[in-house]
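These notes concern the structure reproduced below.
The values are calculated or read from the model by the stated rules, or taken from the named source; none is laboratory data. Note that the structure is a prediction, hence the values are computed from the model and not measured. For neighbour counting, all protein chains shown are included, and Cβ atoms are generated from backbone atoms with ideal geometry for every residue, glycine included. Note: accessible area is taken over every heavy atom of the protein model, side chains too, but ligands, DNA and RNA are not part of it. Shrake-Rupley method; radii C 1.70, N 1.55, O 1.52, S 1.80 Å.
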Amino acid sequence: MSVFLIPFRDLLLSVALGQVLSLLICGIGLTSKYLSEDFHANTPVFQSFLNYILLFLVYTTTLAVRQGEENLLAILKRRWWKYMILGIIDIEANYLVVKAYQYTTLTSVQLLDCFVIPVVILLSWFFLLVRYKAVHFIGIVVCILGMGCMAGADVLVGRQQGAGENKLIGDLLVLGGATLYGISNVCEEYIVRNLSRVEFLGMIGLFGSFFSGIQLAIMEHKELLKVPWDWQIGLLYVGFSACMFGLYSFMPVVIKKTSATAVNLSLLTADLYSLFCGLFLFHYKFSGLYLLSFFTILVGLMLYSSTSTYVAQDPRVYKQFRNPSGPVVDLPASSQMEPSVTYTSLGQETEEEPHVRVA
């Protein structure tokens with residue numbers, strides 16, 4: 001199998017796009033930290049609810065005014081239960097990881113959250129038929145070593161906030177959240193490649209706002225009443241919602257140009273950005289291992305993104321998600337099957353939202 005190298009400019013763009021997502025997550029983490037520690041506003045469900053409402057107002061309403069089979073009602077008629085499940089998975093992934101901070105250490109969360117990477121790799125291998133080369137696995141190992149270096153630095157400087165008596169429960173919550181994140185990311189990659197970014201965000205906004213609203217009413221309404229509302233808290237909620245909305249809106253674009261695996265590797269630097277900000281804002285102790293960790297992760301990203309992955313067969317075999325009730329269509333045989341579909345290439349695409357029509 002030949003190796004498909006990525007042009008250096010496209011390689012840098014791939015890494016840069018992932019770092020934009022990491023910076024947005026950094027903003028999410030900082031605003032959440034101020035809300036919980038300075039203002040004692042422990043409202044993770046409400047914060048997610050605000051994001052889903054924004055997605056609903058922008059993307060679900062966009063689907064509602066479309067015509068034809070891309071209309072909101074037409075999509076719901078064909079695939080409503082699949083998007084409902086995906087919406088619940090996305091909600092609970094966010095909730096489990098945030099809840100884990102009450103039981104386990106920050107270092108444990110950072111390390112165990114890496115479990116999303118093997119989950120994404122396995123799901124991509126079996127369901128998206130993505131095939132990796134040796135350089136991809138080397139890059140993944142280097143990135144995880146970088147995370148291990150950061151965890152070691154946290155131990156050396158005594159930065160292990162969040163330790164509790166039920167550490168096992170916290171660790172299991174992180175693993176559960178990471179697994180759900182992996183499922184959500186792989187589904188997102190399939191949808192934005194074969195259907196539509198707006199459809200994915202619109203459906204997540206619809207079902208996410210509905211089910212998170214129910215969860216908010218049941219689990220967090222008392223905490224919401226305790227929030228000492230003022231303009232500072234309001235500004236923090238606005239900042240959190242803006243970063244979260246930006247993350248959800250921009251992530252499908254990056255996933256479409258790279259892959260779910262590449263995105264999750266890029267997000268490993270988010271904790272380091274938060275830490276660098278914390279050196280000035282929260283007076284964290286500094287260790288040279290943090291810089292070593294940051295550059296190790298970037299090297300791993302460069303290695304992973306330097307070569308394109310490929311798929312084992314035409315991805316249109318997954319037409320059952322798009323039209324499960326329709327007849328099975330035999331795709332025309334080609335005299336020579338295209339050996340590669342580039343997932344990490346960032347070349348210009350001929351269509352902004354490509355669709356695969358199945359009769």
Residues to consider are Leu63, Leu55; find the one that is in contact with a Leu (Cβ under 7 Å, 6 or more places away or on another chain), open to solvent by less than 60 Å² (accessible area, probe 1.4 Å), among the hydrophobic types (A, V, I, L, M, F, W, C) and under 30 Å from Leu272 (Cβ atoms). Leu55
List the residue pairs whose Cβ atoms are under 8 Å apart, where the first residue sits in region 34-49 and is farther than 24 Å from Ile88 by Cα and open to solvent by less than 30 Å² (accessible area, probe 1.4 Å), the second is assigned to a helix (DSSP H, G or I) and of a type in the set (Phe, Trp, Tyr), and the two are 6 or more positions apart or on different chains. Leu35/Tyr237; Leu35/Phe240
Any residue that is over 30 Å from Trp81 (Cβ atoms) and in contact with a helix residue (DSSP H, G or I) (Cβ under 8 Å, 6 or more places away or on another chain) - is there at least one of those in region 170-189? yes
In region 266-295, what residues are more than 30 Å from Ser209 (Cβ to Cβ), touching a Cys at 6+ places or on another chain (Cβ under 6 Å) and open to solvent by less than 50 Å² (accessible area, probe 1.4 Å)? Ser293
Taking into account only those residues within region 101-115 that are over 18 Å from the mean Cα position of the chain (by Cα) and of a type outside the set (Val, Ile, Thr), which is most open to solvent (accessible area, probe 1.4 Å)? Gln102
Filtering region 255-266 for residues that are assigned to a helix (DSSP H, G or I) and farther than 22 Å from Ser32 by Cβ leaves a count of 7
In a helix (DSSP H, G or I) and in contact with a Pro (Cβ under 9 Å, 6 or more places away or on another chain): which single residue out of Ser48, Ser32, Ser22 fits that description? Ser32
Candidates Ile88, Ile75 - the one that is part of a helix (DSSP H, G or I) and either in contact with a Ser or Thr (Cβ under 6 Å, 6 or more places away or on another chain) or open to solvent by less than 60 Å² (accessible area, probe 1.4 Å) (or both): Ile75
A careful count of residues in region 60-80 that are modelled with pLDDT of 95 or more and under 26 Å from Met219 (Cβ atoms) gives 1
At least 2 residues that are hydroxyl-bearing (Ser, Thr, Tyr) and open to solvent by 40 Å² or more (accessible area, probe 1.4 Å) in each: list the helices (runs of 4 or more DSSP H) lying fully within region 149-245 that qualify. 167-194
Does region 1-19 hold any residues that are in contact (Cβ under 8 Å) with a residue 24 or more places away in the chain, open to solvent by less than 60 Å² (accessible area, probe 1.4 Å) and part of a helix (DSSP H, G or I), and which are they? Asp10, Leu11, Ser14, Val15, Leu17, Gly18, Gln19
